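The block underneath contains the structure these notes are about, expressed in structure tokens.
The values are calculated or read from the model by the stated rules, or taken from the named source; none is laboratory data. Please read these numbers as outputs of a predicted model, since none were measured by experiment. Glycine gets a Cβ as well: all are built from the backbone with ideal geometry, and neighbour counts include every protein chain shown.
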Amino acid sequence: MAKDEYYDQLETMTPDARERYHNKKLTETVENAYKNAPAAIELLDRIGVNPSQIRTLKDLEKLPVTRKTDLIDMQKASPPYGGLLAIPPQDVERVFLSPGPVYEPIQHSGIQWFAKSFWAAGFRKGDVVINTFTYHMSPAGILFHEAIRDCGATAIPMGTGHTAIQVKTMLDLGVTGFVGTPSFLMSVIKQAEDMGYDFKKDFVIKHAWFTGEMLAPSIRETLESDYGIDTRQAYAVTEPGGAIAYECYCKNGMHFMDEYILEIVDPETGKQLPPGETGEIVITPIHNKTWGLIRFGTGDLSSYNTDACPCGRTAHRLTGMVGRASDAVKVRGMFVIARQAEGVLSSFGEITRYQLVVSRQQHRDKITLLLEPKDTEIDKKKLCDVINGRFQDTCRLKIDRFEFVAGGTVPEDREVIDDQRTWE
Ligand SMILES: [Zn+2]
């Protein structure tokens with residue numbers, strides 16, 4: 001594959017240069033927050049940490065993780081920004097609202113880095129791009145719009161819904177790029193086909209940039225093979241200020257943006273986890289003097305990869321979202337994520353219902369799988385071996401015991417994982 005073009009030089013820093021750069025930016029960020037944001041001052045003073053003690057990625061572990069629910073409480077107690085505003089209020093250029101509500105003040109200056117992810121998706125001058133994210137309240141509409149412009153492309157502020165109008169606009173204006181969710185693009189294509197068009201022949205969409213929901217491999221395959229649309233995903237989070245990680249043409253994970261420090265941590269302890277281990281994504285914006293938010297816990301679970309990427313970008317990569325921290329149960333030090341477990345177990349036609357039960361015996365966590373077989377005459381041993389192999393491949397843990405139960409034992413509205421451990 002040809003060498004990619006980069007949007008800025010940060011994307012190809014050496015590991016040493018990146019570490020120095022992050023440390024410098026982090027130091028400035030923490031000092032600025034401690035000087036100007038009352039909530040940051042309160043937090044550091046409360047835990048007895050001086051800003052000079054936070055100079056490196058590892059130092060961040062000294063600070064607690066702030067989550068969305070904390071932000072809601074902080075803003076209720078100290079309206080409107082929860083003491084996190086680190087600039088004079090009259091310098092706030094925009095305020096976005098996310099559910100909660102959480103108010104997010106921003107200054108436009110310095111958010112040009114969002115464009116990196118659109119650039120990596122191939123958007124350039126001459127492209128005509130529809131942005132189908134909402135322009136109301138949430139940052140996605142206007143910030144992505146500006147990032148499309150920063151790449152030189154023409155941006156159409158479509159917003160969500162109105163699929164028939166989207167179809168007509170795409171056709172009339174010769175739209176070459178789509179920004180939105182994968183499912184919405186599929187609806188637009190379906191609408192076009194219902195209106196009698198041959199999407200691949202009549203439309204000229206070549207690039208799609210997605211965020212906000214996972215891109216299922218089957219949908220990616222359909223969009224790329226059947227419709228000739230090159231797809232890219234990005235990971236964006238509203239509260240810490242936007243687009244955090246993005247895919248290059250290798251589509252093998254999402255490169256971290258150097259405008260944030262991204263940690264993968266154990267959600268219970270806040271301690272950083274090594275590459276390959278699943279944990280919560282925690283973000284510290286280091287290019288944002290507006291908002292004194294340090295270590296924001298997204299609640300999203302992922303892992304990261306440090307292998308060299310053929311595209312030449314040197315930042316680590318997020319290896320995809322695997323679920324929400326609230327759906328995960330920690331067993332023998334590893335997270336079992338309900339959705340992942342369900343993905344494995346529901347693929348076996350031989351079983352009608354199932355449930356994972358986590359218990360604790362002699363100080364060891366134990367996983368039992370309750371199974372209701374469709375046919376009681378099956379080779380149970382063989383089935384258990386196959387299930388365990390697939391379960392270990394995906395969840396990286398072994399099921400300790402299989403229990404075949406009569407039909408109707410596992411309730412229909414059961415949780416996939418029943419955590420029966422008590423910790424008294
Ligand atoms: Zn890459």
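Quick notes on this structure:
- Candidates Ala236, Ala216 - the one that is surrounded by fewer than 16 Cβ atoms within 10 Å (Cβ to Cβ), out of contact with any helix residue (DSSP H, G or I) (no Cβ under 6 Å at 6 or more places or on another chain) and among the aliphatic types (A, V, I, L, M): Ala216
- Total residues in the range 368-424, condition among the hydrophobic types (A, V, I, L, M, F, W, C), without any contact (Cβ under 8 Å) to a residue 40 or more places away in the chain and part of a helix (DSSP H, G or I): 3
- Residues within the range 226-237 that are of a type outside the set (D, E, K, R), within 16 Å of the ligand (Cβ to nearest atom) and more than 11 Å from the chain's Cα centre (by Cα), tallied: 1
To keep it simple, each residue is scored yes or no on (1) at pLDDT 95 or above; (2) crowded, with 16+ Cβ neighbours inside 10 Å.
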residue	(1), (2)
Met170	yes, yes
Leu173	yes, no
Thr176	yes, yes
Ile189	yes, yes
Asp194	yes, no
Arg220	yes, yes
Arg232	yes, yes
Ile244	no, yes
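- Taken over the range 88-114, residues that are crowded, with 19+ Cβ neighbours inside 10 Å and in a loop (DSSP other than H, G, I, E, B) amount to 1.
- When restricted to residues that are at pLDDT below 90 and loosely packed, with under 11 Cβ neighbours inside 10 Å, the range 389-410 contains 2.
- Whichever residue in the range 115-137 is of a type outside the set (Ser, Thr, Tyr), in a helix (DSSP H, G or I) and within 16 Å of the ligand (Cβ to nearest atom) and, among such residues, is surrounded by the most Cβ atoms within 10 Å (Cβ to Cβ): Phe118
- Selection from the range 271-319 of residues that are within 16 Å of the ligand (Cβ to nearest atom) and surrounded by fewer than 17 Cβ atoms within 10 Å (Cβ to Cβ): Pro275, Asn305, Thr306, Asp307, Ala308, Pro310, Gly312
- Filtered by the rule that a residue be under 21 Å from Pro274 (Cβ atoms) and part of a helix (DSSP H, G or I), the range 10-66 gives Pro15, Asp16, Arg18, Glu19, His22, Asn23, Leu26, Lys58, Asp59, Leu60, Glu61, Lys62.
- Residue in the range 323-346 that is modelled with pLDDT of 85 or more, over 28 Å from the mean Cα position of the chain (by Cα) and either of a type in the set (S, T, N, Q) or surrounded by 14 or more Cβ atoms within 10 Å (Cβ to Cβ) (or both) present: no
- Looking across the range 238-252 at every residue that is assigned to a strand (DSSP E or B) and within 16 Å of the ligand (Cβ to nearest atom), the one that is nearest to Pro105 (Cα to Cα) is identified as Ala243.
- Residue within the range 352-360 that is touching a Lys or Arg at 6+ places or on another chain (Cβ under 8 Å), more than 16 Å from the ligand (Cβ to nearest atom) and within 30 Å of Gly82 (Cα to Cα) present: no
- Count of residues meeting criterion [part of a strand (DSSP E or B) and either of a type in the set (Asp, Glu) or farther than 17 Å from Ala40 by Cα (or both)] in the range 283-338: 19
- Some residue of the range 210-218 being in contact with a Phe, Trp or Tyr (Cβ under 6 Å, 6 or more places away or on another chain) and assigned to a strand (DSSP E or B): no
- Breaking point among (1) assigned to a loop (DSSP other than H, G, I, E, B); (2) free of Cβ contacts under 8 Å to residues at least 24 places away in the same chain; (3) not basic (Lys, Arg), for Glu5: (2)
- When residues of the range 356-367 are limited to those that are in a strand (DSSP E or B) and farther than 18 Å from Leu383 by Cα, the one farthest from the chain's Cα centre (by Cα): Gln361
The rows are residues; the columns are (1) of a type in the set (Ser, Thr, Tyr); (2) surrounded by fewer than 19 Cβ atoms within 10 Å (Cβ to Cβ); (3) within 28 Å of Glu104 (Cβ to Cβ).
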| site | (1), (2), (3) |
| --- | --- |
| Gln9 | no, yes, no |
| Arg20 | no, yes, no |
| Asn23 | no, yes, yes |
| Leu26 | no, no, yes |
| Lys35 | no, yes, yes |
| Ala40 | no, no, yes |
| Ile47 | no, yes, yes |
